[in-house]
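Everything on this sheet refers to the single structure shown next.
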Amino acid sequence: MASWQHQGRTLFLLALLGGVSGLRECLILQSVKGSTVSCHGPTEFPSSLPADTVHLSVEFSSLTQLPAAALQGCPGLQELHLSSNRLQELSPGLLAPVPRLRVLDLTRNALRSLPPGLFRSAAALSTLVLRENQLQEASARWLQGLDALGYLDLAENRLRSLPARLLANLGALHTLDLGHNLLESLPEGFLRGPRRLQRLHLEGNRLQRLEAGLLAPQPFLGVLFLNDNQLTAVAADSFRGLKQLDMLDLSNNSLSSTPPGLWAFLGRPTRDMQDGFDVSHNPWVCDKDLVDLCRWLAANRHKMFSQNDTLCAGPEAVRGQRLLDVAELGTL
């Protein structure tokens with residue numbers, strides 16, 4: 001009975017609002033928590049939104065910009081999904097009318113930059129997704145005021161470098177995705193700011209070295225993706241203090257060896273890496289300089305992914321053999 005009543009209210013609301021200008025292309029669902037408005041492929045941004053709108057989706061359109069006052073009239077808005085449009089720029093005051101906004105998804109647009117002050121009134125924002133845009137640079141000024149931000153996704157843009165203080169005011173950040181950009185390095189002190197970063201995505205960039213001390217400010221880091229870069233070197237103390245790291249992906253890089261002591265901070269004998277690790281598809285040179293890694297692999301093989309793809313590239317006598325086999329034979 002209750003479901004029929006709810007459906008009746010929904011159909012009534014659709015009939016009532018279907019004729020309102022700017023809402024003809026939208027589905028409106030009502031609940032005790034407020035209205036959800038979903039517009040799939042609209043020709044214009046919806047106007048005359050219900051005053052109790054808490055969730056707004058305007059997606060898969062050809063919109064290149066939004067009206068400056070697009071969000072006026074729905075001060076209780078909590079989620080705004082604007083993915084798969086063609087947005088090229090945003091008004092600095094776009095979010096001013098919606099101080100309770102918690103989620104902003106701008107995936108798959110054409111944004112090249114963000115206006116300073118965009119988040120000045122967005123202290124409640126906890127999730128910001130900017131992946132698959134055309135961002136070529138990032139500014140710390142963009143992120144001012146985001147005291148509650150926990151999830152930041154900047155993946156699949158065109159970022160070549162990042163300012164050292166980009167994260168300085170993001171104390172609540174727990175997940176950062178910078179994957180699939182054009183980053184060749186990260187500035188010293190880049191990870192200072194977040195108090196408890198737990199997940200870091202750096203895969204698919206052009207990183208050549210993992211510098212000493214980069215990860216040191218984040219002892220609670222649990223997941224680290226560094227695969228599909230151009231890493232040739234990892235500093236000996238890179239993993240020092242990462243006592244909660246449960247997932248590490250270093251696959252598809254250009255590593256031929258690792259420094260002594262690097263692996264002492266991870267896995268057994270101290271603790272298991274719960275979610276495993278991957279060091280496959282690197283040109284490992286299986287000589288005496290790789291003894292440390294081979295011993296560690298043997299002790300932690302039960303958590304090792306892609307064992308058959310973790311091979312020796314040299315010397316010639318062991319080329320093509322699995323690192324695990326060479327380690328167990330003790331031929332190094």
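The values are calculated or read from the model by the stated rules, or taken from the named source; none is laboratory data. Values in this document were obtained by computation on a predicted structure and should not be read as measured data. Methodologically, a virtual Cβ is constructed for each residue, glycine included, from the backbone with ideal geometry; neighbour enumeration extends over all protein chains shown. Heads up: the accessible areas ignore ligands, DNA and RNA and are worked out on the full protein's heavy atoms, side chains in. Shrake-Rupley method; radii C 1.70, N 1.55, O 1.52, S 1.80 Å.
Heavy-atom accessible area per residue, the chain, 1.4 Å probe: how many Å²?
Details: 15390 Å² over 332 residues.
Result: 46 Å² of accessible area for each residue.
Distance between the C-alpha centers of region 307-328 and region 63-109? Whole Å please.
Result: 53 Å between the Cα centres.
Accessible surface of Leu149 in the full protein assembly, 1.4 angstrom probe, to the nearest 10 Å²?
Spelled out: Leu149, probe radius 1.4 Å, area about 0 Å².
Tell me whether region 217-314 comes out rounded, prolate or oblate; compute the Cα gyration tensor, take square roots of the eigenvalues as a ≥ b ≥ c, and use a/c under 1.5 as the rounded threshold. Can you show the working numbers first?
On the way: a/c = 1.42, a/b = 1.37, b/c = 1.03.
Rounded, since a/c falls under 1.5.
For the chain, just the Cα set please: Rg and Dmax, both in angstrom.
Using the Cα atoms of the chain, the pair Rg, Dmax is 24.6, 79 Å.
Dividing the convex hull volume of the Cα atoms of region 45-169 by its residue count, what figure in Å³ per residue is obtained? Walk me through the intermediate numbers first.
On the way: hull volume 10.3 nm³, N = 125.
In region 45-169, the Cα hull volume divided by residue count equals 82 Å³.
So which cysteines of the chain have no other cysteine's Cβ under 4.7 Å from theirs?
By the Cβ distance rule, which asks for a partner under 4.7 Å, the isolated cysteines are Cys74, Cys294.
Can you tell me the length gained on complete extension of the stretch Ser113 to Arg295, counting 0.36 nm per residue apart and subtracting the Cα distance? Walk me through the intermediate numbers first.
Details: separation 182, 0.36 × 182 = 65.52 nm, distance 4.74 nm.
Between Ser113 and Arg295, full extension yields an extra 60.8 nm.
Out of Pro219, Pro46, Pro187, any idea which swings most in a Gaussian network model of the chain, alpha carbons joined below 10 Å?
Pro187
Which whole-Hz ³J(HN,Hα) couplings does region 241-246 yield from phi under the Karplus relation 6.51 cos²θ - 1.76 cosθ + 1.60, θ = phi - 60°, glycine and proline marked x?
x, 8, 6, 10, 5, 10
Between the helical axis of 2-17 and the dominant principal axis of the chain, each derived from Cα atoms, what acute angle in degrees is found, rounded to the nearest 10?
Compared with the principal axis, the helix lies near 70 degrees.
Nearest 5 percent is fine: what portion of the DSSP beta bridges confined to the chain is antiparallel? Don't skip to the answer; put the middle values down first.
Working: 7 of 45 bridges.
Expressed as a percentage, antiparallel bridges in the chain total about 15.
Could you run the Debye sum over the Cα atoms of region 173-266, one equal point scatterer each and no solvent, and tell me log10 of I(q)/I(0) at q = 0.14, 0.22, 0.23 Å⁻¹, two decimals?
Results for region 173-266 at q = 0.14, 0.22, 0.23 Å⁻¹ read -0.45, -1.22, -1.36.
So, with a 1.4 angstrom probe, what is the percent of accessible area on region 208-332 that is carbon and sulfur? Working shown, then result.
On the way: 2810 of 5640 Å².
So the carbon and sulfur contribution to the accessible surface is 50 percent.
Rounded to whole Å and sorted largest first, list the principal axis extents of the Cα atoms in region 278-332.
28, 20, 16
Using alpha carbons only, how many angstrom separate the centre of region 141-185 from the centre of region 234-294?
First find each Cα centre; the distance between them is then 26 Å.
Let me make sure I get this right: for region 110-234, a, b and c are the square roots of the gyration tensor eigenvalues over alpha carbons, sorted descending. Under 1.5 in a/c it's rounded, otherwise prolate if a/b > b/c, else oblate. Which is it?
Numbers: a/c = 1.84, a/b = 1.28, b/c = 1.44.
Verdict is oblate for region 110-234.
Hull surface divided by four, with the convex hull built on the Cα atoms of region 25-99: how many nm²? If you can, show how the numbers build up before the last one.
Values: hull surface 17.7 nm².
One quarter of the hull surface, i.e. the mean projection, equals 4.4 nm².
Sorting Phe305, Phe225, Phe190 by accessible area (1.4 Å probe), largest first, what list results? Let's see the in-between values first.
Numbers: Phe305 90, Phe225 40, Phe190 0 Å².
Greatest to least solvent exposure: Phe305, Phe225, Phe190.
As a test question: what accessible area, to the nearest 10 Å², does Thr270 have when a 1.4 Å probe is rolled over all protein chains in place?
Rounded to the nearest 10, the figure is 110 Å².
If Arg268, Arg165 are ordered by their accessible area, calculated over protein heavy atoms with a 1.4 Å probe, which sequence runs from highest to lowest? Walk me through the numbers before you get to the answer.
Numbers: Arg268 110, Arg165 155 Å².
Putting Arg268, Arg165 in descending order of accessible area: Arg165, Arg268.
Cut-off 10 angstrom, C-alpha nodes, Gaussian network model of the chain. Which of Ala168, Ala317, Ala140 fluctuates the most?
Answer for the Gaussian network model of the chain: Ala317.
Rolling a 1.4 angstrom probe over the protein chains, ignoring ligands and nucleic acids, what is the accessible area of Glu137 in square angstrom, nearest 10?
It works out to around 120 Å².
Explain nothing, just compute: Karplus ³J(HN,Hα) = 6.51 cos²θ - 1.76 cosθ + 1.60, θ = phi - 60°, for every residue of region 183-197 in order, whole Hz, x for Gly and Pro.
Running phi through 6.51 cos²θ - 1.76 cosθ + 1.60 with θ = phi - 60° gives 6, 9, 7, 10, x, 4, x, 4, 8, 6, x, x, 7, 8, 5 Hz.
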